[in-house]
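Reading through the C-alpha cells given below for one structure.
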Amino acid sequence: MIRTFALCFALAATPALAGDDHNHDHSHGEAEHLAELEGLRVLHVWAVPGEGAMQIYMEVENESDAAVTLTGGELHDGAELVLYATEVNASGGAVAIGEIEIAPETEMDLAPDGLYLVAEAAPEVSVGEIIEAHLEFAPLGELEVEIEIFAPGTRTHPHAGHNH
C-alpha cells in the first residue's frame, strides 16, 4: 500500500527556492497566513468543510538542515487532525497515513487530491471564519496555526504561491 503513495509524495516535495528569488517579506498584513518554528514555515492554511468532516490544506517549507515529520495535530476544540493521502492508483481513494517526512530544504503542499489533514469530528464553521489549530512536527513540537474556512468545493487558496 505504501508504494501507491510514492508518486504522490514525490510530486508534493520540491526543492526549496533559495537566494533572492524567495522573498520572505510578508507584505499583505494577514498574520494568519504564516506560522514559523525553527526553520519550518507553514503558509496559507485553509479548510473546506464537508459532511461531518473538514479537509485542511497548506504549504509547508522546511528551510532547516534537518528533516521534520508532520504527524497530525488538533483543532482548537480538541478534534484530532489525521494526515491522509490520495492513492495513486485506479481507486483514487484516500487513506490515513499517520505521518509524512519533510526533507531539509524542501517545500510540500498539502492540497486536494494529494496529501491533506482531516478533522473527522469537525466543528460547525462558517465560510470566512478563522479557527485555531496545533500541528505536530517531530522533533520540533507543536506549531500554532490559524485556518481560514472556505466554501465547500473550493480547490485552491487565492493567495497560494505568492512570495512571503
Task: Residue-level accessible surface for F137, protein heavy atoms, 1.4 Å, Å² - done: 0 Å²
- [ ] Work out the FRET efficiency for A94 and D65 from their Cβ-Cβ distance, taking R0 = 25 Å, and round it to the nearest 0.05.
- [x] 0.20
TODO: For an R0 of 22 angstrom, estimate the FRET efficiency from the Cβ-Cβ distance between H76 and A103 and round to the nearest 0.05.
DONE: 0.15
Task: Whole-number Å³ per residue for the convex hull built on Cα positions in the stretch 96-140 - done: 137 Å³
- [ ] Return the whole-Å distance between the Cα centroid of the stretch 104-164 and the Cα centroid of the stretch 32-96.
- [x] 5 Å
Task: Gain in span if fully extended, A151 to E36, counting 0.36 nm per residue against the direct Cα distance - done: 38.8 nm
Task: Heavy atoms of S126: accessible area, 1.4 Å probe, square angstrom to 10 - done: 70 Å²
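The values are calculated or read from the model by the stated rules, or taken from the named source; none is laboratory data. These figures come from a predicted structure and were not determined experimentally. FYI the Cβ positions are ideal-geometry reconstructions off the backbone, even for glycines, and counts take in every protein chain you see. We work out accessible area using only protein heavy atoms, side chains counted, and drop any ligands, DNA or RNA first. Shrake-Rupley method; radii C 1.70, N 1.55, O 1.52, S 1.80 Å.
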